[in-house]
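Worksheet: one structure, shown below.
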Amino acid sequence: MSIRRAWRAGVLVLLGACEMAGPLGGENHRPWSPAVSGPSAALVGERLEFSVVVFDPDGDRVRVFVAWGDGDTSDYGEFVFSGAEVIFEHSYREPGTFSISARCHDLEPKFSDWSRPRAVSVTRP
């Protein structure tokens, strides 16, 4: 995934993942919902790679949590810079359709909303 950045009225706008416009005050704002991308189909046991793009309107560093839809979750990783793309790997042990969601938080911590669900359909080989 390529990330393009542009400045608009003093606010960094992340094009292609999410957009925000407006002035930033002195208070800490929560990060935006992450943007999740990755495969929509896979085989049981196949190692899958998903990309999560994070953005904090204050430029704070954030860390990401992923719910894989099969009862498994990632741990919150290291703090990364706003605008970063974080790569996660996961494999499914059973067939089915799973809904992947991510959220992040900044140092305060203020939490983002959950991302839009990303569906992946897993079948037996």
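The values are calculated or read from the model by the stated rules, or taken from the named source; none is laboratory data. In this text, all values refer to a predicted model and were calculated from it rather than measured experimentally. Positions of Cβ are backbone-derived with ideal geometry, glycine not excepted, and every protein chain shown enters the neighbour counts.
Which of the residues spanning the stretch 73-83 are touching a Lys or Arg at 6+ places or on another chain (Cβ under 9 Å) and either not aliphatic (A, V, I, L, M) or not in a strand (DSSP E or B) (or both)?
76, 77, 78, 79, 81, 82, 83, listed by residue number.
Here's the yes/no breakdown for (1) among the acidic types (Asp, Glu); (2) touching a residue at least 12 places away in the same chain (Cβ under 8 Å); (3) touching a Gly at 6+ places or on another chain (Cβ under 8 Å):
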{"position": "38", "(1), (2), (3)": "no, yes, no"}
{"position": "41", "(1), (2), (3)": "no, yes, no"}
{"position": "73", "(1), (2), (3)": "no, no, no"}
{"position": "77", "(1), (2), (3)": "no, yes, no"}
{"position": "82", "(1), (2), (3)": "no, yes, yes"}
{"position": "99", "(1), (2), (3)": "no, yes, yes"}
{"position": "102", "(1), (2), (3)": "no, yes, no"}
{"position": "123", "(1), (2), (3)": "no, yes, no"}
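Look through 51, 99, 33, 2 and report the one residue that is outside any strand (DSSP E or B) and either modelled with pLDDT of 95 or more or acidic (Asp, Glu) (or both).
33
Taking the stretch 109-120 as the range and being over 13 Å from the mean Cα position of the chain (by Cα) and surrounded by 13 or more Cβ atoms within 10 Å (Cβ to Cβ) as the test, the residues that pass are 109, 110, 120. Hey, any hits in the stretch 68-79 for a residue that's farther than 30 Å from residue 26 by Cβ, among the charged types (D, E, K, R) and at pLDDT below 95? The answer is yes; a qualifying residue exists. Regarding the stretch 87-96, can at least one residue be identified that is without any contact (Cβ under 8 Å) to a residue 60 or more places away in the chain, within 11 Å of the chain's Cα centre (by Cα) and surrounded by 14 or more Cβ atoms within 10 Å (Cβ to Cβ)? Yes, the conditions are met somewhere in the stretch 87-96. When residue 82 is tested against the conditions (1) under 26 Å from residue 26 (Cβ atoms); (2) under 11 Å from the mean Cα position of the chain (by Cα); (3) surrounded by 14 or more Cβ atoms within 10 Å (Cβ to Cβ), the lone failure is (2).
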